[in-house]
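The next block holds one structure in the form of structure tokens; read it before the comments.
The values are calculated or read from the model by the stated rules, or taken from the named source; none is laboratory data. Predicted, not measured: the structure shown is a model, and the values here were computed from it. Methodologically, a virtual Cβ is constructed for each residue, glycine included, from the backbone with ideal geometry; neighbour enumeration extends over all protein chains shown. With ligands, DNA and RNA removed, areas are computed over all heavy atoms of the protein, side chains included. Shrake-Rupley method; radii C 1.70, N 1.55, O 1.52, S 1.80 Å.
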Amino acid sequence: GNPERPHRARVYVLTYFFSSLTIERWRVLWGAVPIGWIVSSLVELFGMPICHTNVQVQSVADPREVAEFGFEGGPRRVSGVYQCTPGANPHLAFTRQQRVYLGETDLTHAELVAAIRALEDEWQAPSYNLLARNC
């Protein structure tokens with residue numbers, strides 16, 4: 001970091017762990033057992049949970065000032081970058097979460113949010129790829 005400019009924003013990765021609450025909407029086996037719950041439980045049992053990650057940016061000056069961004073795919077020619085309420089991704093609001101501190105930056109909260117917003121054109125929804133270019 002720049003010694004003349006103090007750290008001004010904290011950066012976190014927020015991991016949302018899929019669960020029966022989010023995946024069970026996919027399909028139901030024999031009208032009773034949610035397939036998504038079975039798949040989610042099995043892969044987590046084998047140490048490979050199904051997750052989605054977002055980035056959170058928090059102001060050092062005002063810790064209540066937090067912005068959360070994610071990336072998702074889709075067929076429409078729009079940005080896959082989206083902003084949501086911190087800790088409440090609209091698609092995954094009821095899932096288990098884990099927040100990991102990555103560090104601080106010399107950028108202010110507003111500068112870091114602007115930098116992420118600048119990526120919106122480059123990170124289009126159709127460019128999403130589960131293995132190579134994802135959340």
Next on the checklist: With a cap of 13 neighbouring Cβ atoms within 10 Å, and only residues DSSP puts in a loop, list the GluC sites (Glu not before Pro) found in region 57-135.
Outcome noted: GLU122
Checklist outcome for this item: Taking 0.36 nm per residue of separation between ASN129 and PHE46 and subtracting their Cα-Cα distance, the length gained on full extension comes to 27.5 nm
Item to check | chymotrypsin sites (Phe, Trp or Tyr not before Pro) lying in DSSP loop within region 60-135, provided at most 12 other Cβ fall within 10 Å | outcome: PHE94
Checklist entry - PHE17 versus LEU119, label points 7 Å from Cα toward the beta carbon: distance in nm? => result 2.5 nm
Checklist entry - Counting only the heavy atoms of the protein chains, how much of ARG133 is accessible to a 1.4 Å probe, in Å² to the nearest 10? => result 60 Å²
Checklist outcome for this item: Rounded to the nearest 10 Å², the accessible area of VAL100 using a 1.4 Å probe with every protein chain kept is 60 Å²
